[in-house]
1. What aspartates and glutamates could a cross-link reach from residue B:496, if we take a straight Cα to Cα line under 20 Å and drop same-chain neighbours fewer than 8 places away?
2. For the residue pair residue B:486 and residue B:284, what label-to-label distance in nm results when each label sits 7 Å from Cα along the Cα-to-beta-carbon direction?
3. Taking chain B, how much of its Cα-Cα pair set, in percent, is spaced more than 44 angstrom apart?
4. Region A:140-167 to region C:94-168: how many Å between their Cα centroids?
5. Treating cross-link reach as a plain straight distance, find the lysines whose alpha-carbon is under 17 Å from the alpha-carbon of residue B:321, omitting any fewer than eight places away in the same chain.
6. List the residues of region C:138-161 for which accessible area in the full set of protein chains is at least 40 Å² lower than for the chain on its own; 1.4 Å probe, protein heavy atoms only.
7. Stokes-Einstein D for region C:60-161 at 37 °C, 0.692 mPa s, Kirkwood Rh over Cα pairs, in µm²/s?
8. Which parts of region A:248-263, residue by residue, lose 50 Å² or more of accessible area when the rest of the protein chains are there, as against the chain isolated (1.4 Å probe)?
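The values are calculated or read from the model by the stated rules, or taken from the named source; none is laboratory data. Remember, predicted model here, so these are calculated numbers, not experimental data. All Cβ positions, even for glycine, are placed from backbone atoms using ideal geometry, and neighbour counts span all protein chains on display. When the accessible area is computed, the model is the full protein with side chains, heavy atoms only, and any ligands, DNA or RNA have been set aside. Shrake-Rupley method; radii C 1.70, N 1.55, O 1.52, S 1.80 Å.
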Amino acid sequence: MSPFRLLLLGLATSAALRLGAAEPAAPDPVPPGFVRIPAGNYSPVLRMKDEPETVPVAAFLLQGRPVTNAEFLAFVQANPKWRSSQVSPLFADTGYLGEWAGALELGPGAPADSPVVRVSWFAARAYARWKGLRLPTTAEWERAAAAGYEVEDGQTEAAFRDAVITWFTVPNLRPLPAAGRGRPNYFGVRDLHTLIWEWVDDFNTALTTGESRADSGLERDLFCGAGSVGARDTGNYPAFMRAGYRSSLRASYTVPNLGFRCALSLSP
Amino acid sequence: MHIPMNSLIPTLRQAAAFALAASALSLPSLHAAATALPVEQAVVTQAPHVPPPITRRTEAHVVVNIEVKEVVKRMDDGVDYTFWTFGGSVPGVFIRVREGDEVELHLNNNPTSKMPHNIDLHAVTGPGGGAASTFTAPGHSSQFTFKALNPGLYVYHCATTPVPMHIGNGMYGLILVEPKDGLPKVDKEYYVMQGDFYTQGAHGETGLQPFDPVKATDERPTYVVFNGAVGSLVGDNALTANVGETVRLFFGVGGPNLTSSFHIIGEIFDHVNTEGGTGLVQTNVQTTMVPSGGSVFMDFKVDVPGTYVLVDHSLSRAFNKGALGMMKVSGPENKSIYSGKELDAVYMGDSSAAASESAKREAELVSQRQAAIESNPAIANISREIQIERGKKVYLSLCFACHLADGKGLPAVFPPLAGSDFLKADTNRAIRIVTKGLTGPVTVNGGTFNNVMPPQETALSQDQIADVLTYVMNSFGNDFGTVSAADVKRVQNELK
Amino acid sequence: MKLFALLCLAVFASTPATAQPAAAPAVPGRAAPALPPKSLYHLDSTWTDDTGQTRQLLSLLGDPVVVAMIFTNCEYACPIMVTDLLRIRAALPAAERARTKFLLVSFDDVRDTPPVLRAYRAKMNLEAPAWQLFHGAAPDIQELALLFGVKVKRDARGQFSHSNLITVLNPTGEIAYQREGLRGDTDEVVRAVTATLK
């Protein structure tokens, strides 16, 4: 399924869109490195007034860990226009791959097995397309990330909640540790919470102003919306932080703690 | 083309649009062309320091640069915390501008930050106080411009969701908009802000302490502190002044939740600009209430040397959670204003009028006894006796209020220690009770008592517990043996 | 991708300080279209205008363009934005007005077909050739929205929540100015357009 379809339709299932690219679809069984996330629900902490409290998420495949520096190096070797020396300033800001020692050299700041960071949304999407994959949607990412270590609803697991909130309160590690070493969650996915932030395909659907208080009654002046955004589960601080984080981004931004992982739709 | 004069001063919304154009897209700002005012770089300072008063008497275009940084710093001895800061420390840098100035604010979010941040300045007239215009991802910067229309002392803070966490991690500071004619001249100015902090560990639990969202939601702070740490204004870090000087204090409360009952022990505020405003100047104030997200500034002349203690007069916060600072005033004594100690006597704390005469008499006796203990060399070298006498001091400072000086207690209210079968039966239990307190019914000498004795483990050392127990076990006609510090240590270890 | 072909051909008099090193390797001796690195006219997306003609953004090269992203079923903000654009056009001095294009790009790839856009032009009284209305494919709409920094979300009814943003492109397709929100003063936009022609 094209990422754009998910972006623009949210989770509607219409197939009426004309698509810009062939849909990447997964073979059965699950390819190595991927985890099958069963169908379930996503409960956004911020939602439009006439939106349901939970939205269904179809089963999909999610990469078990973030994309690493070594993997992204292979991508830029094969696609010169995505090297830091050649990338268009439209598609990545000047910090692009800034942890690397050079355009084709990782160096001590970017160990091969650590997650690649300082990649723009455009670059992450290009990588995913090159691999025949796509970026997960917000709903998919949050659906996978809502799981705790032992149970499907992480909010009921104290050890999980503590680990997530603690990550926000410790400084970034530099260089970042290797990807794929974190404790797997209920589905078997690692590093969703305590390593880096991750791009999602439809990050710019977070219609927040970054203004915590206005977000509970979105200003019509800035956004033309069908209704106001209402907040639920205000105790789930990490979910609010992720929503706030996404809304601070622009697609060309690169950030030292922001990377990505890929997803794949399941064949119907 | 006709350009209205008022468009030379950009509105907030235009400023926001400029910010978008200039920072997000790295385009030259049209703003510089729109302003005719002289441009100056603001001097900002970290607490407790305040930038110098503004001497110019005309408006300016003031450029303020603030770097947002997430830093690990000391919260208390052995306790570290990841503070989110405007400028590297809590509270954020002090900004000083003049009424009518155009303020061009640059918010730079350090690349090492975990979070996006923004700034809402209460001095801004306009939606969100600048928050939406300054929402900034890590490693990026934003800019907006506002006109400082209203003089006064204003809080600024981060308003990024979830806002209680951003403020709860220290993201607040003060901006002073000086009135056109300035503030009355003083000798010294200081900057203090109070904030409440919520750590996963208990107060004093060492190590890097993560933020606790549950405690924050329940408004149960582990720390309430001035200037971002326990002891930030104590000892060598105390504020200083000289006798005869007039001191102005700019005080704000970041919150996120608590209101401060701000008080300086031993000082009366001569003038208080209530709620940080410029219209109402109250005089001769003891304690001023400062709301969360609010401020006050006051001045007072320091007439007498000594140490003056800044507190939130909701005193558990000062005594138990850290909201305590000091101002050390040096210079010559002035006995006509403050005499020093003229009488040192024990006050029994009994408010009953009928008892007051006997309380006075008893106080005198206790005082004499205390003096006798302190001055009698005949007993100085006898270890058990010393322990008893030391214990008596502890007893007279803590225990006597309930158990009374004669150890007889109050029938049906406070159990007796004198001749107590309960005390005699189990010394270890006595150590446990002094350490951890006691709640619920006990039977002593045939009488039932159902009251609460508070735990003393934080108030008393192991030596002091041994001393006070030895005292009560050898006083009031008791002869129950002695307790050593080693005994206390052993029992307390069993309790852990 | 055309973007990079153009970049490789481009010869710049000077490299902007903020540009990536070697973002546009100069090829000595060859004159080329002098598109700056941040020009949106590097994009190779194709669009259909309300006359049914296939267009690229590059076709707008040479004149300032005032752009807004809208959808014709919008009940609140879009009519206000279009009215603002009409006021901006009216406020431009004649010489500048003659050169400035006004571009509406629809969010709605499903409903805003070229005939629907043509009807919208008539309804809102948008004169040709100054006004251009583009219909596009979803990925291209998303890419453009992201380059402008527009946030957009389609709801279950097919309506869009979106940021209200007016963007001024200079004659070489760089973003020269943006105004976010409604109720803003249009004078600034007028001045920004005028400035791109100086």
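1. B:205, B:426, B:457, B:463, B:487
2. 6.2
3. 32
4. The distance from the Cα centre of region A:140-167 to that of region C:94-168 comes to 41 Å.
5. B:215
6. C:138, C:139, C:142, C:143, C:146, C:147, C:151, C:152, C:153, C:154, C:155, C:161
7. 230
8. A:248, A:250, A:253
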